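*Asks:* If you scroll down you'll find the structure; I have some questions about it.
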Amino acid sequence: MTATVAANGSVYAVGVLVHYEQSEGDPESGPVSTGSTAFVAKWNPTTQRLLWLVQMGSRFRDEGTPAALVVQDSIVYVLGQFDAASQGFGHPVRATGRGDVFVTRLTDHGTHATANWTQPLGYPNRYTWARHLACDGAAVYVAGTTEEVESRLDPATSQWLPRASRAFVAKLTDAGTRALPGWQHTWDVRRGYHEVVALATQRGRVYLATNTWQPTPSPSEPQGWRGEGMLPAHANYRVHLTQFRSQGAGYRIGWTHTEAGQGAGLALAGNALYVTGRADADHAFGHPPADAQDVPGDLFVAKLVVTGTTVQTAWVQRLRGTGHDEYARMPYVAVRGRRVYLAGIFALPRLALDSVVLRNSNRNSGNRNLFVAQLTDAGATSRFDWAHRLGNEHAADFGAFALDGPRLYISGYFQGYRNLPVLLGKQQFLVPYENVGDGVLLQGWLPVGP
């Protein structure tokens, strides 16, 4: 489930409702899943009441999987996937490929919501998926990947060719009762070695972050493929940053910028672009002077300053102790003034953020803890002010992270047993169930000041 906090203080969430029925063939086996449908919901944290919930379909026939949402005033946009056909929140859609993307607009009326339109995005004879949605007024942007359904035989060599993959950025214009298709930018990518990781926009500028990496065979499988997190010392990764200048139904590329490492998150503040990710083994992001403490794979946050078509790295801060941590990632970043807020996951015994050291709640490596941190942007002397560990003795994962005025909204999935404490900053929660295998969702607000 993905969630965010709007300016009115309400929590909006998207997820999947799964329908269960008692098995007729074997009553003792218990309920079995008969299908699912996507949903959008609004929750009031003050009264702790669910204000409304809208389902994508009423038949529980795998009616879509939501991936992202954006709230602008009373308008809620939802991005997700669906297979062949869907009721589309009351606006039926049919896929042009084997699986398409959908964008839905809903209007929040306070205690109920209505869906205004659902727009499919897809390509014939291809799988299409997207996890990134950004809005700038009536402009709605989607970024993802599309891939051929089947491999093709090369008549010249009689060898099967890899399925062709293409990445894309697409623009829709919200016309109130319908979505107007805008421009699309697509480019060929190497299947299995490319990932769209972040999308952001402001004032007609669209910023995209993608990762690429080179195949590195293992000794035991010389021709094998090693995925993200499996490459020796996290080598050969590159993060590509691109600015698109959107102009009505057209666009042009403002600039592209490539750095060593894996990108994870983006945040915009004026002409500053904040990037989070993991450091690479062969080069450092921004090429700062060598530091004996640097470890390949360390998490980092960097500030880039954009002047016209020139992009320069202002500073890079590393989070020590994450270089050999296969679970470490930091996809969340938010900015307010000079304060930069970060959130991620670590699994090794300790995480060092300048003088702040966080220790894993379980001494065994592999136990995933969450963390949030604040950094003050002071140019080359930028330092972390504080950091908090979130979690317990069992694995955890993030559900959402958003800046809510003077507070950070945080939700996460925590595994464990009944009455096992979970820390969210200084707030302590108890896991309410006897045994939580897949995790229980907890949410909280962390005060961070004006």
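*Asks:* Tell me which residues come under 5 Å, amide H to amide H, from Gly64 once H is placed; ignore anything under 5 positions away on its chain.
*Replies:* The list, which skips near neighbours in sequence, is Ala38, Asp83.
*Asks:* Which FRET efficiency, nearest 0.05, do Val149 and Leu53 yield, Cβ-Cβ r, R0 25 Å? Don't skip to the answer; put the middle values down first.
*Replies:* Details: r = 34 Å, r/R0 = 1.36.
Efficiency computed from Cβ-Cβ geometry: 0.15.
*Asks:* Please compute the length gained on full extension between Arg336 and Asn8, using 0.36 nm multiplied by the number of residues separating them and subtracting their Cα-Cα distance.
*Replies:* Working: separation 328, 0.36 × 328 = 118.08 nm, distance 1.77 nm.
The span from Arg336 to Asn8 would gain 116.3 nm if fully extended.
*Asks:* Now for a different question. Just add up the charged neighbours of Glu147: K/R +1, D/E -1, any other residue whose Cβ is under 13 Å from the Cβ of Glu147. Present the calculation step by step, with values, prior to reporting the outcome.
*Replies:* Numbers: positive: Arg98, Arg126, Arg152, Arg163, Arg166, Arg190, Arg191; negative: Asp100, Glu148, Glu150, Asp188, Glu195.
Local net charge: +2.
*Asks:* Still on this structure, I have one more. Could you rank the peptides 119-130, 300-311, 157-168 by their average count of other C-beta atoms within 10 Å per residue, with the highest value first?
*Replies:* Numbers: 119-130: 19.2, 300-311: 17.1, 157-168: 13.6.
Result, highest mean first: 119-130, 300-311, 157-168.
*Asks:* By per-residue mean of other Cβ atoms within 10 Å, what is the highest-first order of 86-94, 110-118, 43-51, 340-348?
*Replies:* Details: 86-94: 19.7, 110-118: 16.7, 43-51: 12.0, 340-348: 23.4.
The peptides rank, most packed first, as 340-348, 86-94, 110-118, 43-51.
*Asks:* Highest mean first, what order results for 264-276, 96-108 on Cβ atoms within 10 Å? Numbers along the way, then the final one.
*Replies:* On the way: 264-276: 20.0, 96-108: 22.5.
Result, highest mean Cβ count within 10 Å first: 96-108, 264-276.
*Asks:* Find how many whole Å separate the alpha carbon centroid of region 64-128 from the alpha carbon centroid of region 135-194.
*Replies:* Cα centroid to Cα centroid, the span is 17 Å.
*Asks:* Ile75 to Arg190: extension gain in nm, 0.36 nm per residue of separation minus the Cα-Cα distance?
*Replies:* On the way: separation 115, 0.36 × 115 = 41.40 nm, distance 3.66 nm.
Stretched out fully, the Ile75 to Arg190 stretch lengthens by 37.7 nm.
Bear in mind that the values in this text are calculations on the coordinates, not laboratory data. What you see is a predicted model, and the numbers here were worked out from it, not measured in a lab. Backbone-built Cβ (ideal geometry, glycine too); neighbour counts: all protein chains shown.
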